[in-house]
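The values are calculated or read from the model by the stated rules, or taken from the named source; none is laboratory data. Keep in mind it's a predicted model, so treat the numbers as computed, not measured. In this analysis, Cβ positions are derived from the backbone assuming ideal geometry, glycine residues included, and neighbour counts consider all displayed protein chains. Accessible surface areas use protein heavy atoms only, side chains included; no ligands, DNA or RNA. Shrake-Rupley method; radii C 1.70, N 1.55, O 1.52, S 1.80 Å.
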Amino acid sequence: MIPNQYTIATLGSHSALQILKGGKDEGFNTLLVTTHERSDFYRRFRFIDQIIEIPSLSQFPRIEKKLKVDNCILIPHGSFIEYLGINGNKKITIPYFGNKKVLDWETDRQKQRSWLKKSRIRLPRQFKDLNDVYFPVIVKSYGAAGGKGYFYAKNKTDLQKKLKTFPPKKYIIQEYIIGVTMYFHYFYSNVSRILDLMSVDRRYETNVDSLGRIPLMGQTDLSIEPSYVVVGNSPLSVRESLLPQVYRMGEQVVSVSRKIIDKYGLYGPFCLETVITPDQKIYVIEISCRIVAGTNLFMNGSPYSWLIYDEPMSMGRRIAKEIKMAIKQNKLDLITD
Ligand code: AMP
């Protein structure tokens, strides 16, 4: 078997368990790089063949050489950006699953917006001039992660007051879409050129998702401000009549990325984060161009992956399957950077 000459490797955090379990299920060797404090936890799992300890995840570059010897393919997840930054990711020299050029388009809010606009996707309006703002709005500071540092403003006075009280350095003002949040997890194969919807989740954000538990009367004097800090995820199925649109959105994003981003554009796992309004309009508020933590709900597959694969298929396993297919067809350059 070819896979056992290769090792699927990742950092010990975020979605490492599903990535390595998926790698093992597809016949690869598996390796985890993690800190001393976490290594005992990860040793519980028999599908992890090798664990390398480093003092902190940001010191990953120090052990790169060792991974070259083991014929590793590195699978990035959310913690790669958090601990290594964009430049740290770009400097990685061992085969990296995904196109690093996409990082620039994803992390620059203006570039991301122009990509999504070109993809003819519905986006919340964005306002430059305070006088042009339609309310309500959400203010997003640059570099905020997991919804921290966002705030809501219901009208101009409220916005002006809040911008004075917590002035973010660099921020955007976006139309606040009142609807239900849904996060669509896609996988695009650059080997077979097919897009699959793998699963759907909803983030559970505190306190915005709990405000409805206190009646308005009880909130009036408390002056509660909604916050958007993610603390959990729950699985969702989506109304079937919306699915064609969901697929179309994913295909448009991929197709435009192939035109504007060098080296095959976006491929592998990605997520469109959306809000759906009562008139069934799907607004995309963000794109994440890698495996997202919401896929951890589906270690054993989801109702949607079950429609496509006759075996349990997590996103981690789908990644390993893609690598296996690329190795067999001698096309690793199509899926690694
Ligand atoms: P994001 O970091 O862009 O995924 O946003 C974090 C959370 O803020 C989302 O999950 C939503 O609950 C909320 N949010 C962001 N943008 C909007 C928007 N334009 N309208 C309504 N809610 C939003």
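Worth a mention:
- Take the conditions (1) in contact with a strand residue (DSSP E or B) (Cβ under 8 Å, 6 or more places away or on another chain); (2) away from the ligand (no atom under 13 Å from the Cβ); (3) closer than 27 Å to Asp279 by Cβ; Ser119 misses just one of them, which is (1).
- Of the strands (runs of 3 or more DSSP E) that lie entirely inside the range 116-204, those containing 3 or more residues that are farther than 19 Å from Ile287 by Cβ span 150-153.
- Filtered residues of the range 3-30 (kept if open to solvent by less than 10 Å² (accessible area, probe 1.4 Å) and part of a loop (DSSP other than H, G, I, E, B)): Gly12, Ser15, Glu26, Phe28
- The numbered conditions (1) of a type outside the set (S, T, N, Q); (2) away from the ligand (no atom under 12 Å from the Cβ); (3) farther than 23 Å from Ala293 by Cα; (4) loosely packed, with under 15 Cβ neighbours inside 10 Å are all true for Lys162 except (4).
- Unique residue being open to solvent by less than 10 Å² (accessible area, probe 1.4 Å) and assigned to a helix (DSSP H, G or I) when the list is Ser39, Ser58: Ser39
- The number of residues in the range 26-69 that are under 24 Å from the mean Cα position of the chain (by Cα), of a type in the set (A, V, I, L, M) and closer than 17 Å to Tyr96 by Cα comes to 4.
- Evaluation of Met198 against (1) modelled with pLDDT of 95 or more; (2) more than 16 Å from the ligand (Cβ to nearest atom); (3) out of contact with any Pro (no Cβ under 9 Å at 6 or more places or on another chain) (one fails), failing number: (3)
- Filter result for the condition that a residue is open to solvent by 10 Å² or more (accessible area, probe 1.4 Å) and part of a helix (DSSP H, G or I), over Lys321, Lys263: Lys321
- Criterion: at negative phi, open to solvent by 40 Å² or more (accessible area, probe 1.4 Å) and modelled with pLDDT of 95 or more - qualifying residue of Lys90, Lys66, Lys100: Lys90
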